[in-house]
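Have a look at the structure below, then the notes.
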There are 2 protein chains.
Amino acid sequence: MTTIRDVAKKAGVSVATVSRYLNDSGYVSGDAAKAVAAAVKELKYELNPVARSLNTKKTNLIGLIVPDITNPFFPELARAVEDVALTYGYTVILCNSDENPEKEKNYLETLKKKYIDGFIVTSNQLDAPHYANMALPIVALDRAINEHIPTVASNNREGAAMGTRVLLERGCNRILFLRGPEELNPANDRYEGFMDAIRDSGVEYDVVVCPFHFADSEKIVDRVLREQKNIDGIFASSDVSAAGALKAAAKLGIAVPDELQIVGFDGIAMGEMLTPGLTTVAQDVYKMGAIATRVLIKRIENQVEEQHFFEVPVQLKIRGTTRSVEK
Amino acid sequence: MTTIRDVAKKAGVSVATVSRYLNDSGYVSGDAAKAVAAAVKELKYELNPVARSLNTKKTNLIGLIVPDITNPFFPELARAVEDVALTYGYTVILCNSDENPEKEKNYLETLKKKYIDGFIVTSNQLDAPHYANMALPIVALDRAINEHIPTVASNNREGAAMGTRVLLERGCNRILFLRGPEELNPANDRYEGFMDAIRDSGVEYDVVVCPFHFADSEKIVDRVLREQKNIDGIFASSDVSAAGALKAAAKLGIAVPDELQIVGFDGIAMGEMLTPGLTTVAQDVYKMGAIATRVLIKRIENQVEEQHFFEVPVQLKIRGTTRSVEK
DNA sequence: CTGAAAGCGCTTACAG
DNA sequence: CTGAAAGCGCTTACAG
């Protein structure tokens, strides 16, 4: 392995000069620069990043902590993070937390020791002490951690209101809202948005808490649909739940969208594969990941960034589980 | 930051002894061990892994190279890799290659410089030179790289034969096989398996090449179904293609499974969310990832492993897109 | 503008 | 069984 010393020797300068040239830090005369460049080229020298890290305490590594990459929301996020990271010369370490604070903390600490440069985190441990005294740059995704930490999120509340109005405008008279887990901030925001839109409409509604899980959602919706025969609209807080609802309806022989209209939330790829295609409030997950990564890297590189909260607009995707608007 | 020197001083021994104790390498007397242990505890000393890496050229980091984490096959793989890696004290770096040899090579080289310990790779660049002279441990997933590199894969051929027989046993008289991209090894194995099963059956069949992409598959199947009215069975080389086929059938008003039966390949979660649920040849993706990771870590830790090819059996999942067997 | 030297925090022959 | 010392390959004040 050729080292900086070899380069220095060949170029007839000191290692300090080579280092300055390589890092573009401090002055290097034109002559010296030329000699070093030639030596680097001739020796095919490549800087050893581990040795550098030991000095700088930087690694160009960032951690992405998600509950579970298997959850269809996260792969696209991971993709965005990796794409942007690559652009800036960073590499991504993938961590599944399972929403387990211990696991999360463990990753945080292990990687900190390895001089990781920062984290992008999707977590519910909003108030966990290990975030408070983390000296490392962190950006929160989807769910706020605390005021000191920049957050990127969809406009969940407004999006949910939009989704609700889709059903309202299409003549639903009794709407079932599948509310997400109560410990999830975004789920609560969506609930608020639903309430915003439904409140003054005069339309009847039911709210049922429902995990973001296909089979559970199907079961819950099946039960509700059997009990409440007059439900003609379902707004689910996630596409996976909406898929469960659609399946339940199909099994009960309820025609979608003629007898029952369904709207989801998320915009995951599966939505268009269903029959009929799922109408949904689509989050721009890729954009969220991209913004989060840029913000994080700015922080890592000490660029000032006054903005603290980044809201990414959702977009309605009208597909087959809703009818055309009644005029 | 407390270093090994602080510990040595407090314990009244040399740093060499502390290092030996910490790494359980070389002899350390009982007394010395006790003193060091006490000092470590009192000072809350934690070894600096970066400094260690500079010496050992090991980092406990492994790279996972996939074409695109957004492809529904890979998240579960990534999850398995990460789970097992964590068990052994390794951390996973996620790399999306987009099947682009340059990108792949770039990751390989960048991370090698960072003293990454090994790679798990899903790649088509079987014969790429950058794999031939990689001194690092590598395990190939799903697609063989070369004979020197251990490979983990499903029994694609046999699985495809099984899937074909599902249609045969259920009375299909004309089967459309959606063959995957010809540059993909597993896709070709599945084609062989289909041929194995169909050849002697006397049943008519068509073969159409079809990318593992939903919308494209839908389009292709729509066209074929319009042209060939008597197709009553489709075997798709991937679940995503099968979903496209199902969608095409639905739009054409063809009843599944009564008029047309469909079988997919992969076993991704989406399959059960469709209506009807997708019958499929399910790969045990998690197991594949877990095995690959264990094999890789064994190699990294220089444990001999004579086995070179690991085949993970597929499993039939009979759901709603096929009928019950005719007796 | 440049170099000698200390330092980042560990590991590992080597001599005893 | 143990320690002094060199070494991993870089960066960074500091003095000139």
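Numbers below:
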quantity	calculated
Restricting the stretch B:1-20 to residues that are open to solvent by 50 Å² or more (accessible area, probe 1.4 Å) and within 8 Å of DNA strand D (Cβ to nearest atom), the residue that is nearest to the chain's Cα centre (by Cα)	B:20
Residues being within 11 Å of DNA strand C (Cβ to nearest atom) and either modelled with pLDDT of 95 or more or loosely packed, with under 12 Cβ neighbours inside 10 Å (or both) - total across the stretch A:22-35	6
Residue among A:93, A:65, A:69 that alone is more than 8 Å from chain B (Cβ to nearest Cβ) and modelled with pLDDT of 95 or more	A:65
Complete set of residues in the stretch B:217-256 that are in a loop (DSSP other than H, G, I, E, B), open to solvent by 10 Å² or more (accessible area, probe 1.4 Å) and closer than 30 Å to residue B:75 by Cα	B:256
Output for the stretch A:202-237, where each listed residue is in contact (Cβ under 8 Å) with a residue 40 or more places away in the chain, out of contact with any helix residue (DSSP H, G or I) (no Cβ under 8 Å at 6 or more places or on another chain) and not charged (D, E, K, R)	A:224, A:228, A:230
Residue B:267 being within 26 Å of residue A:239 (Cα to Cα), at pLDDT 95 or above, open to solvent by 10 Å² or more (accessible area, probe 1.4 Å) and touching a Pro at 6+ places or on another chain (Cβ under 9 Å)	no
Single residue of A:54, A:43, A:86, A:77 found to be among the hydrophobic types (A, V, I, L, M, F, W, C), surrounded by fewer than 22 Cβ atoms within 10 Å (Cβ to Cβ) and in the same structural domain as residue A:112 (by TED's automatic domain parsing)	A:86
Lone unmet requirement of (1) closer than 30 Å to residue A:84 by Cβ; (2) within 13 Å of DNA strand C (Cβ to nearest atom); (3) assigned to a loop (DSSP other than H, G, I, E, B) for residue A:13	(1)
Cross-chain or 6+ apart pairs with Cβ under 9 Å, the stretch A:73-87 first and more than 7 Å from chain B (Cβ to nearest Cβ), then open to solvent by 20 Å² or more (accessible area, probe 1.4 Å) and among the aromatic types (Phe, Trp, Tyr)	A:73/A:212; A:77/A:286; A:80/A:286; A:83/A:286
Condition broken by residue A:32, with the remaining ones in (1) under 44 Å from the mean Cα position of the chain (by Cα); (2) more than 7 Å from DNA strand D (Cβ to nearest atom) satisfied	(1)
Residue satisfying condition, being charged (D, E, K, R) and in a strand (DSSP E or B), within set B:305, B:311	B:311
Tally, over the stretch B:39-52, of residues that are over 9 Å from residue B:7 (Cα atoms) and either hydrophobic (A, V, I, L, M, F, W, C) or in contact with a Pro (Cβ under 9 Å, 6 or more places away or on another chain) (or both)	3
Subset tally (residues that are of a type in the set (Gly, Ala, Ser) and in a strand (DSSP E or B)) for the stretch B:263-290	2
The stretch A:255-280 residues that are facing chain B (nearest Cβ under 10 Å) and closer than 12 Å to residue A:240 by Cβ, paired with ones that are assigned to a loop (DSSP other than H, G, I, E, B) and modelled with pLDDT under 95 (beta carbon under 7 Å, 6 or more apart)	A:268/A:72; A:268/A:73; A:270/A:72
Some residue of the stretch B:15-29 being facing another protein chain (nearest Cβ under 9 Å) and not polar (S, T, N, Q)	no
Subset of the stretch B:89-99 (residues that are crowded, with 16+ Cβ neighbours inside 10 Å and of a type in the set (Asp, Glu))	B:99
Residue check for residue B:50: more than 9 Å from DNA strand C (Cβ to nearest atom) and modelled with pLDDT of 95 or more	no
Any chance residue B:47 is over 33 Å from the mean Cα position of the chain (by Cα), more than 10 Å from DNA strand D (Cβ to nearest atom) and within 12 Å of chain A (Cβ to nearest Cβ)	yes
Members of the stretch A:57-71 that are of a type in the set (Lys, Arg) and either away from DNA strand C (no atom under 12 Å from the Cβ) or open to solvent by less than 10 Å² (accessible area, probe 1.4 Å) (or both)	A:58
Selected residue [closer than 30 Å to residue A:323 by Cβ, free of Cβ contacts under 8 Å to residues at least 40 places away in the same chain and open to solvent by less than 20 Å² (accessible area, probe 1.4 Å)] from A:161, A:187	A:161
Cβ-Cβ under 6 Å pairs, at least 6 apart or on other chains, the stretch B:1-28 side without any contact (Cβ under 8 Å) to a residue 24 or more places away in the chain, far side basic (Lys, Arg) and near DNA strand D (Cβ under 8 Å from one of its atoms)	B:26/B:20; B:28/B:20
Qualifying residue in the stretch A:126-144 (condition: over 25 Å from residue A:76 (Cβ atoms), of a type in the set (S, T, N, Q) and assigned by TED's automatic domain parsing to the domain that holds residue A:103)	yes
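For (1) in the same structural domain as residue A:232 (by TED's automatic domain parsing); (2) over 30 Å from residue A:130 (Cβ atoms); (3) touching a strand residue (DSSP E or B) at 6+ places or on another chain (Cβ under 7 Å), each residue gets a yes or a no:
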site: A:150; (1), (2), (3): no, no, yes
site: A:162; (1), (2), (3): yes, yes, yes
site: A:184; (1), (2), (3): yes, no, no
site: A:196; (1), (2), (3): yes, yes, no
site: A:210; (1), (2), (3): yes, yes, yes
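The values are calculated or read from the model by the stated rules, or taken from the named source; none is laboratory data. None of the values given here were measured: they were computed from a predicted structure. Don't worry about glycine lacking a Cβ; one is built from the backbone with ideal geometry, like all the others, and counts go over all protein chains shown. The protein model used for the area step is the full one, side chains on, heavy atoms only, and it has no ligands, DNA or RNA in it. Shrake-Rupley method; radii C 1.70, N 1.55, O 1.52, S 1.80 Å.
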